[in-house]
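What follows draws every value from the coordinates through simple rules; no lab data is involved. On a predicted model such as this, the values are computed, not experimentally measured, just so you know. Note: ideal-geometry Cβ built from the backbone for every residue, glycine included; neighbour counts use all protein chains shown.
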Amino acid sequence: MADAVKRLAELGEEIDYGATMEMNGPIETPVAEAAPALPVGMAALVTLGLVAVIAGFVAIGIAAGIAPLYAGFLILWYFGSVHNLETKSLPALFVGALAGLGTSWLIQYGATHWGATGALPGLIIIIVAIFFQLAGWLPLVINRAFMLYVTVLGAATLQLHEDFGQVALAIVAGTLYFGGIVFLGKLVAAKRAG
């Protein structure tokens with residue numbers, strides 16, 4: 001293992017897994033800097049705003065008959081925590097999430113119709129996707145959002161009765177709704193700033 005890591009370093013490869021490994025040493029995970037604390041009144045206002053945004057998404061989901069709203073909330077979590085609400089990240093988030101959904105569906109469909117052998121095409125796609133992500137190929141499709149959705153939807157308990165069409169609707173709704181709110185909020189903030 002140490003030889004492989006040394007060889008990668010010699011080749012000038014930079015792979016950031018969110019942790020660094022020293023030769024023959026422990027893995028160190030960098031501590032993320034905490035966001036600056038908001039004053040109590042501002043924190044209350046932001047919390048109320050988030051509750052309103054989330055309630056709006058739930059209402060839209062119920063009205064549209066989208067049952068697995070968790071897929072849309074994953075968009076919100078990922079968009080906010082991984083991409084800090086940068087709207088330019090939405091295309092890759094959206095496409096990666098749908099590609100992860102499609103791969104998970106392929107595994108479920110294959111396993112349901114042909115047993116363990118039927119899951120192999122989807123598993124091969126995941127192996128190739130890992131390689132592509134490490135190589136930096138097809139980042140619009142193969143990215144952290146792809147891996148998040150493959151992982152979440154790969155949970156056996158979720159896949160037993162999951163309606164992947166409804167999950168796709170939740171991904172579309174979450175991307176449009178949460179991305180749209182942030183986009184509009186940034187437009188308003190920019191106009192107010194000058």
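Tabulated values for the structure
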item	result
All-pairs alpha carbon distance profile, segment 43-194, 5 Å steps from 0, percent	2, 9, 17, 20, 18, 14, 9, 6, 3, 1, 1, 0, 0
Mean Cβ count within 10 Å, highest first, over the residues of peptides 69-76, 53-60, 165-172	69-76, 165-172, 53-60
Spherically averaged projected area in nm², based on the convex hull that wraps the Cα atoms of segment 75-116	3.3
